[in-house]
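The structure appears below as structure tokens.
The values are calculated or read from the model by the stated rules, or taken from the named source; none is laboratory data. Predicted model only: the values in this text are computed from it and were never measured. We place every Cβ from the backbone using ideal geometry, glycine too, and count neighbours over all the protein chains shown. Just the protein is used for accessible areas: all its heavy atoms, side chains included, with ligands, DNA and RNA removed. Shrake-Rupley method; radii C 1.70, N 1.55, O 1.52, S 1.80 Å.
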Amino acid sequence: MKKIIVFLLSLLHLTIIYGAEGGYSNYIPGTYGDFGMALEPPHGLTIRNDIYYYGASTNKTIRNTGIDVDGDITMKMDLLTMIYNTKIEFFNGNYAYGAAIPLVYLEVKGGSNFGRFNENAKGLGDLTLIPGMLFWNEGNYHFSLGEFIIIPTADYDEEAEANTGLNYYSFDTNFAATYLNPETGQDYSVNIGHIYNTENKDTDYQTGQEFHIDLVLNQFFSENFAVGVHGFYLKQFTSDQVKNDTANSLLSGFKGEAAGFGPAVMWATNIMNQDVTFIAKWLYEFHADNRIEGDHLFLSFALSL
């Protein structure tokens, strides 16, 4: 048993077995839209910048071992997203493409009965490419379909506890629908996504596939001001995998799950003849199973050129 415990701690770098390597993945709640989630952006370039903060912690005991494990993660990120909406149509939908560039600061603290660690990292995160999005609308109903590919562009050290990226590809396919009634100001939206994660080649660890739903309920009081309640649900539906039969038997059944909700507010104004939208929101995770649990905060602005 002692050899298994030592192997397990070495494999997971003093973290408890979670669904997803290290207890989190490339899914970030709140980045799938907030007001008019499936609405087509104006033709041309739309730029959005999100200042994102995530604080999470965990305390857990590895079952049948008596080993206590705890950890704290603080992430600060500046995420620049650019979407270019063309005038090209496919399947009667307007085609757009884009990319998202993250700058990340990450601090990780934690340990177990065997020792403590405190590390941080900063720099470029994993780039997201958006090779294609399609937008349709029918009256008050709007729909979108998009593919997001997270590529491992960040520096990664398998011996480090803190890295600005996860060192694997994620293919995130999303379908969104919005009901927006301009007369009543009601805005109801849902985004449904499936994420396939590839193997981390440095650790031989593959995070399982994930399903996520993002819901928003908004009320526009004018064209320039709206408030809402936003929520999310994440479910990992396949187990993580490593190239070791003993470890795989331990990982079997450890699938991550999380849910949260919180308030959001939007204010639009004109600055130097440019329409600019400001958004603030807080998503509180009230449930986390085999994942770290925390709070997601955003301060954002967007404009179309």
Exactly one of Thr178, Thr203, Thr184 is open to solvent by 20 Å² or more (accessible area, probe 1.4 Å) and either within 30 Å of Glu119 (Cα to Cα) or assigned to a strand (DSSP E or B) (or both), and that one is Thr203
Would you be able to tell me the number of residues in segment 74-92 that are open to solvent by 50 Å² or more (accessible area, probe 1.4 Å) and farther than 19 Å from Gly123 by Cα?
-> 8
For residues in segment 115-133 being within 22 Å of the chain's Cα centre (by Cα) and either polar (S, T, N, Q) or crowded, with 19+ Cβ neighbours inside 10 Å (or both), which is nearest to Leu103 (Cα to Cα)?
-> Gly125
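Tell me the residue from Thr238, Thr173 that is within 28 Å of Gly132 (Cα to Cα), β-branched (Val, Ile, Thr) and not in a strand (DSSP E or B), please. Can you show your working first?
Numbers: Thr173 fails: not in a strand (DSSP E or B).
Testing whether each residue is within 28 Å of Gly132 (Cα to Cα), β-branched (Val, Ile, Thr) and not in a strand (DSSP E or B) leaves just Thr238.
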Mind checking which residues of segment 158-196 are within 26 Å of Met266 (Cβ to Cβ), in contact (Cβ under 8 Å) with a residue 40 or more places away in the chain and β-branched (Val, Ile, Thr)?
-> Thr178, Val190
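Residues in segment 158-170: is at least one under 22 Å from Leu39 (Cα atoms) and open to solvent by 10 Å² or more (accessible area, probe 1.4 Å)? I'd like the intermediate steps shown before the answer.
Pass one, segment 158-170, residues under 22 Å from Leu39 (Cα atoms): none.
Checking segment 158-170: not a single residue is under 22 Å from Leu39 (Cα atoms) and open to solvent by 10 Å² or more (accessible area, probe 1.4 Å).
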Filter result for Lys255 (charged (D, E, K, R), farther than 13 Å from Asp34 by Cβ and either at pLDDT below 80 or loosely packed, with under 15 Cβ neighbours inside 10 Å (or both)) = no
Consider only pairs whose beta carbons are under 7 Å apart and that are at least six residues apart or on different chains; among these, list those whose first residue lies in segment 277-303 and is touching a residue at least 12 places away in the same chain (Cβ under 8 Å) and among the polar types (S, T, N, Q) and whose second residue is part of a strand (DSSP E or B) and open to solvent by less than 30 Å² (accessible area, probe 1.4 Å).
-> Thr277/Met266; Thr277/Ala268; Thr277/Ala302; Ser300/Asn49; Ser300/Asp50; Ser300/Ile279
Since Asp155 meets every condition but one in (1) without any contact (Cβ under 8 Å) to a residue 40 or more places away in the chain; (2) open to solvent by 70 Å² or more (accessible area, probe 1.4 Å); (3) over 28 Å from Thr74 (Cβ atoms), which condition does it not meet?
-> (3)
Of everything in segment 195-218 that's modelled with pLDDT of 95 or more and aromatic (Phe, Trp, Tyr), which residue is nearest to Val229 (Cα to Cα)?
-> Phe211
Number of positions in segment 285-300 that are under 18 Å from Ile51 (Cβ atoms) and loosely packed, with under 15 Cβ neighbours inside 10 Å = 2
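Each row is one residue, and each column tells you yes or no for (1) farther than 28 Å from Gly132 by Cβ; (2) open to solvent by 10 Å² or more (accessible area, probe 1.4 Å); (3) among the polar types (S, T, N, Q).
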{"residue": "Ile192", "(1), (2), (3)": "no, yes, no"}
{"residue": "Thr207", "(1), (2), (3)": "no, no, yes"}
{"residue": "Asn224", "(1), (2), (3)": "yes, yes, yes"}
{"residue": "Leu234", "(1), (2), (3)": "no, no, no"}
